[in-house]
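Here's the structure we're looking at; comments come further down.
The values are calculated or read from the model by the stated rules, or taken from the named source; none is laboratory data. Keep in mind it's a predicted model, so treat the numbers as computed, not measured. Cβ coordinates were reconstructed from backbone atoms using ideal geometry, including for glycine residues, and neighbour counts include every protein chain displayed.
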Amino acid sequence: MSEWGEAALGDLMTLDVNAVEVDPAQAYDIVGVLNRGRGLLYREPMAGSKTAYKTLNRIGLNQVVYSRLKAFEGAITVAPADLHEVYASQEFPTFTCGPSLLPGYFRLLTTTKRLWDTLQNLSTGMGGRRERVKPNDFLTIKIALPSLSEQRRIVDVMGAVDAQIEALMEEVVRTERVLTLLRADVPAGDEYRISEVVVGIDSGKSVQTSGETPSYGEPSVLKLSAIQLGEFNAAEAKRLDDLSGYSAAHLVSDGDLLITRSNTPARVGYVAVARQVPPHTYLPDLIWRIRPNKSQCLPGYLSHLLSSPEWRSRIVSTATGTSASMQKINKRGFSMVMVPVPSLDKQQEYIAKCDAAADSKRSLADELDRLGSFRSTLLVALLSQEIEILESYDDLLEKVS
């Protein structure tokens, strides 16, 4: 096993800020930095006449950049090699890597908890009183440093994994688009008010919890995040320590049709059929259970229909609330929403098409989660030298380059 050295960032990179004087007649593409090493955040262009800043920092290709204010959240990354002309405020210092540190290798380090924790320790204080991480302090951070050839091997291997993750993400997006189109292709039928095709809408119960994740089978109450757009995630639940006020009527079962009655404007009225519900899972007050008249309307049909763009907009139009961050629907307004009710056979056909796409999306998402976990494990093993890439790998790199 090769010996890795240790070096301070000040020996591996230099502070290299390209401050550009703001021209009121120009527009500037602005970026920030996402937390947990997730890359640049691309913002809307900003007119020079609309900012009080006298100068902006231009972010260079392959430069290290972090947020002085949000460094404690791991807001650090390396700019892409194909980055177009972008700018950030003076709160985002930039650094250029020297000859012994590959930008791609340091980019991998920015995705590790070890670096995030180090940045957090450099940023003392709490909340709004937390101190910014100064460039001089940042450059005191020490990292394990393999040789350039080893850095290249690690970057190449991780790049192959990241390419597969990106391909899977694109496939998930394509499948989501197909699912959206299928949901929008609603079979024709006479329209009825929702109140005419359901036998009841059940309310849950408000309760204070510790917020802890329950073990399987422990009494729990669903979080709002358990209901996504046509998707149910039973793992999004909080442990219930006090069952007073709850009854069997509040239990959630497989096949229940659930809807969020309060959420952000983009998420209020999300509908999903409950699946693989652990025992002793209860309904919260912000989620309703819809009980369709199954001789008229199947739960799966309503779940997909109400997740389609047109009927999402109809539901959201009934929402009220003075807060821009939280809206609510009420039973009266929701019950007045008109829905087409085709024959049960047509409903079954519609469900089958949509379920096939939803199942495909779910499988891809599960595969993406597994690959993400594998990536994290592999990177830790490579950076700790638990796994070492043989020198013979260099021959392969030369052949394919």
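For region 310-322, residues that are within 23 Å of the chain's Cα centre (by Cα) and outside any helix (DSSP H, G or I) total 0.
Select, from GLU231, GLU171, the only residue that is of a type in the set (Asp, Glu), touching a helix residue (DSSP H, G or I) at 6+ places or on another chain (Cβ under 6 Å) and under 24 Å from ALA352 (Cα atoms). Break it down into steps so the answer makes sense when it comes.
Details: GLU231 fails: touching a helix residue (DSSP H, G or I) at 6+ places or on another chain (Cβ under 6 Å).
Unique residue meeting the criteria: GLU171.
Checked against (1) touching a residue at least 40 places away in the same chain (Cβ under 8 Å); (2) more than 29 Å from ARG267 (Cβ to Cβ), GLN228 passes all but condition (2). Checked against (1) closer than 23 Å to ASP256 by Cβ; (2) surrounded by fewer than 20 Cβ atoms within 10 Å (Cβ to Cβ); (3) small (Gly, Ala, Ser); (4) within 26 Å of the chain's Cα centre (by Cα), SER307 passes all but condition (2).
Yes/no matrix, rows are residues, columns are (1) β-branched (Val, Ile, Thr); (2) free of Cβ contacts under 8 Å to residues at least 60 places away in the same chain; (3) under 18 Å from PHE334 (Cα atoms):
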site	(1), (2), (3)
GLN276	no, yes, no
THR281	yes, no, no
PRO284	no, no, no
ARG291	no, no, yes
LYS294	no, yes, no
CYS297	no, no, yes
TYR301	no, yes, yes
LEU305	no, no, yes
SER317	no, yes, yes
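Among the numbered conditions (1) in the same structural domain as ASN263 (by TED's automatic domain parsing); (2) in contact (Cβ under 8 Å) with a residue 40 or more places away in the chain; (3) not in a loop (DSSP other than H, G, I, E, B), the only one that ALA357 does not meet is (1).
Please work out if ASP137 is surrounded by 14 or more Cβ atoms within 10 Å (Cβ to Cβ) and free of Cβ contacts under 8 Å to residues at least 40 places away in the same chain. Step through it out loud before you land on a result.
Working: surrounded by 14 or more Cβ atoms within 10 Å (Cβ to Cβ): yes; free of Cβ contacts under 8 Å to residues at least 40 places away in the same chain: yes.
Taking the combined requirement at face value, the residue satisfies it.
The rows are residues; the columns are (1) surrounded by fewer than 16 Cβ atoms within 10 Å (Cβ to Cβ); (2) within 27 Å of the chain's Cα centre (by Cα); (3) not aromatic (Phe, Trp, Tyr).
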residue	(1), (2), (3)
SER225	yes, yes, yes
ALA237	no, yes, yes
ASP242	yes, no, yes
GLY245	yes, no, yes
ASN263	no, yes, yes
ALA272	no, yes, yes
ASP285	yes, yes, yes
TRP288	no, yes, no
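Residue selection: SER215 fails the criterion of being modelled with pLDDT under 95, over 18 Å from LEU305 (Cα atoms), polar (S, T, N, Q) and not in a loop (DSSP other than H, G, I, E, B). For region 375-388, a residue qualifies if it is loosely packed, with under 15 Cβ neighbours inside 10 Å, touching a helix residue (DSSP H, G or I) at 6+ places or on another chain (Cβ under 7 Å) and in a helix (DSSP H, G or I), but none of them does.
I'd like to know if region 55-76 contains one or more residues that are among the basic types (Lys, Arg) and free of Cβ contacts under 8 Å to residues at least 40 places away in the same chain. Yes: region 55-76 contains one or more residues that are among the basic types (Lys, Arg) and free of Cβ contacts under 8 Å to residues at least 40 places away in the same chain. If you check SER363, SER307, SER303 for being at pLDDT 95 or above, assigned to a helix (DSSP H, G or I), closer than 18 Å to TYR270 by Cα and polar (S, T, N, Q), only one passes: SER303. Just to be sure, is ALA160 among the small types (Gly, Ala, Ser) and not in a strand (DSSP E or B)? For ALA160, the condition - among the small types (Gly, Ala, Ser) and not in a strand (DSSP E or B) - is met.
Acidic (Asp, Glu) and within 19 Å of ASP82 (Cβ to Cβ): which single residue out of ASP11, ASP29, ASP23 fits that description? Lay out the reasoning, then the answer.
Working: ASP11 fails: within 19 Å of ASP82 (Cβ to Cβ); ASP23 fails: within 19 Å of ASP82 (Cβ to Cβ).
Matching residue, one of ASP11, ASP29, ASP23: ASP29.
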